[in-house]
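Quick notes on the structure that follows.
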Amino acid sequence: MVRLPLTSEEVERGQRLGALLRRARGERPMLETALAARVSPETLRKIETGRVATPAFPTIAAIADVLGLSLDEVWGEICRPDPDVELPGPDDAGQQRLAS
């Protein structure tokens with residue numbers, strides 16, 4: 001099976017996820033965290049460093065549970081908009097207005 005290259009957005013999401021997990025883990029040892037989540041320390045290290053940008057959902061759910069993070073917190077962090085990207089407003093061209 002050929003894997004498609006990751007998009008820049010996927011890479012950025014992976015980096016944000018890794019940063020969130022590192023912050024949540026704090027001073028707790030990586031080995032302890034990985035074993036409690038039932039993942040290998042190498043897998044946790046790769047996720048935290050952004051080398052695995054799209055980890056499996058059960059893996060993230062297990063790590064988040066061990067770190068006391070809700071999946072809503074994780075989702076909010078990895079899907080937050082990039083502050084450098086300006087989102088279109090309601091008056092921008094291409095927006096349709098609904099009839100009232």
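The values are calculated or read from the model by the stated rules, or taken from the named source; none is laboratory data. All figures in this text were calculated on a predicted structure; none of them were measured in a lab. All Cβ positions, even for glycine, are placed from backbone atoms using ideal geometry, and neighbour counts span all protein chains on display.
Quick rundown of the values:
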{"item": "Complete set of residues in the range 55-76 that are hydrophobic (A, V, I, L, M, F, W, C), touching a Leu at 6+ places or on another chain (Cβ under 9 Å), in contact (Cβ under 8 Å) with a residue 24 or more places away in the chain and more than 11 Å from Arg25 (Cα to Cα)", "result": "Ile60, Val74"}
{"item": "When residues of the range 74-89 are limited to those that are surrounded by fewer than 12 Cβ atoms within 10 Å (Cβ to Cβ) and of a type in the set (Asp, Glu), the one modelled with the highest pLDDT", "result": "Asp82"}
{"item": "Looking only at the range 1-12, and only at residues there that are aliphatic (A, V, I, L, M) and part of a loop (DSSP other than H, G, I, E, B), the one that is nearest to Cys79 (Cα to Cα)", "result": "Leu6"}
